[in-house]
């Protein structure tokens, strides 16, 4: 009887929802499209992306170069490591090399170490660096 009571307690505890603001509801896995960096809209035609897999792999495109590496998650903190990228130089129609590569540099630099992750809206992910740089993503279709 005592074992049944313990089993029932464990079962009920596993069904309880996480407290408001808890991390269990934060789902970072999947493909994300970068919309803005610290409030500045992503440059037209660059389409930076980030894909986070449940097994700790991170990859994507910075708007010019492909990148990849790994990440770990502890609570609301994602820590990126071993990030590598191709090293092409790009422009886009109507944009200069400095604009395209400057935006990519800001994006990839933010994925170097620990960032705070939050999900203020459904299908939105915000990664904020220690220096306050905020990357706002929308879940990719």
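Which peptide among 78-84, 133-139, 35-41 comes first, and what is the full order, when sorted by highest mean count of other Cβ atoms within 10 Å? Please report the intermediate quantities before stating the final value.
Numbers: 78-84: 15.1, 133-139: 18.0, 35-41: 12.3.
The most tightly packed comes first, giving 133-139, 78-84, 35-41.
Expressed as cubic angstrom per residue, what is the convex hull volume of the alpha carbon set of segment 35-141?
Values: hull volume 11.0 nm³, N = 107.
Hull volume normalised by residue count: 102 Å³.
Rg and Dmax of segment 49-90 over Cα atoms: what are they, in angstrom?
11.1, 36
Put a dot 7 Å past each Cα toward the Cβ at residue 53 and residue 112; how far apart are the dots in nm?
2.5 nm
For residue 26 and residue 84 in one chain, what is 0.36 nm times their gap in residues minus the Cα-Cα distance, to one decimal in nm? The partial results should precede the final answer.
Working: separation 58, 0.36 × 58 = 20.88 nm, distance 2.60 nm.
Length gained, residue 26 through residue 84: 18.3 nm.
Once you place label points 7 Å from the Cα toward the Cβ at residue 96 and residue 138, how far apart are they in nm?
Taking the simple label geometry, residue 96 and residue 138 are separated by 2.9 nm.
A short reminder: the numbers here are calculations on the coordinates, not readings from a lab. Only a predicted model underlies this, so the values are computations on that prediction, with no experimental measurement involved. Here the Cβ is made from the backbone with ideal geometry for all residues, glycine too, and neighbour counts use every protein chain on show.
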